[in-house]
Structure formats: structure tokens, C-alpha cells
Amino acid sequence: NSSEKSIDEKLKEICELLKESIRYYDWVGFYFKNGDKNELKLGPYAGAPTDHTIIPFGKGICGQVAESNENFVVPDVQAQDNYIACSITVKAEIVIPLFKNGENIGQIDIDSNTPNPFSEEDERFLEYVNEKVSQIL
Ligand code: SME
């Protein structure tokens, strides 16, 4: 049905809603495993365009989460040596893996221009968002 929104349109709306609703969410995007390659590909996002549309597994915060299957909360990005800077205004980042049928298929990535803004509440909330997202994939 062509009048229904595509998955990418829905994911983009989720990104925009999160960015507009939560003051310290300044860039919100989804990365997904790129086919059978050991890399992530940028999906829908809200915020400034990024050059990092492909991220090899293991590289940066995102690439590390692709391998660890665990949440990664970064209160201060400058203190990380394996970090890929997207914008000089970013102070903190949170990446939560997205599972479908128990498999890590991607992640939600949020950048903040506020130092140390993320709490366990963000982790639980974003885990919930990812659970809901996995149901529409
Ligand atoms: N900072 C991320 C790269 C993606 S941008 O934040 C959009 C990282 O270190 O993996």
C-alpha cells in the first residue's frame, strides 16, 4: 500500500521526535549492519549530516557496540581514544544496540552537545525504543 509510510520514513520520524523532545539529544540516528559486511551503514537520522555513513566494526563508539552487543555511554567523548568525531560541538554520546530475534542488527546513536547528560533512564528508555523499532523491521 503506497499510502503507508515506509520503514525509513517511520524511523526518520522517530529520530526527529526524539531530537525535538529531549533537550540534550542533538543528533539522533540509526546505523544498521550493511548486508553481510563487517561494517555499519547509516540509516535514517535527525540533525546535521555526517560524513560517517559507513563505519567498520570495531571503529569508534558505534563500531565497538556492533561487536560488544552492549550499551555504550560516553560522558566525555574527548576521553575516548577509539572515537570518531562527527562534529566539534559534540560532548557526549550514547549508543544502544538494536536486536532482532536475538541478533545485533544495528543501533541507535545519540550525540549531545551537553557534557555528561545521559543516565540509566536514557539507557532504559532507548532500549524500549529499540524493542519497539525491532517489531516494525
Ligand atoms: N561518534 C560515532 C560516529 C558516528 S557520529 O556520532 C554520527 C562513533 O565514534 O562511532
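What follows draws every value from the coordinates through simple rules; no lab data is involved. Quick caveat: nothing in here was measured; it's all calculated off a predicted structure.
If Rh is defined by the Kirkwood formula over all Cα pairs and Rg also comes from Cα, what ratio Rg/Rh do you get for the chain?
Details: Rg = 14.0 Å, Rh = 14.9 Å.
Radius of gyration over Kirkwood radius for the chain works out to 0.94.
For the stretch 99-120 and the stretch 1-53, what is the centre-to-centre distance using only Cα atoms, to the nearest Å?
Comparing the Cα centres of the stretch 99-120 and the stretch 1-53, I get a distance of 12 Å.
For the chain, what relative contact order do you get, as a whole percent, if you take Cα pairs closer than 8 Å and at least 6 residues apart? All intermediate terms of the calculation are to be shown ahead of the outcome.
Values: 255 pairs, mean separation 30.6, N = 137.
For the chain, the relative contact order is 22 percent.
Contour minus end-to-end for Ile54 and Asn38, with contour as 0.36 nm per residue of separation and end-to-end as the Cα-Cα distance?
Working: separation 16, 0.36 × 16 = 5.76 nm, distance 1.03 nm.
Value of the extension gain: 4.7 nm.
Want the number for Phe99 to Ile136: 0.36 nm per residue separation, take away the alpha-carbon distance, what's left? It would help to have the intermediate numbers written out before the result.
Numbers: separation 37, 0.36 × 37 = 13.32 nm, distance 1.20 nm.
Extending this stretch completely gives an extra 12.1 nm.
Pulled fully out, how much extra length does the chain show between Glu20 and Glu123, if you take 0.36 nm times their separation in residues and subtract their Cα-Cα distance? Before the final figure, lay out the partial values.
Values: separation 103, 0.36 × 103 = 37.08 nm, distance 1.81 nm.
Full extension of this stretch gives 35.3 nm more.
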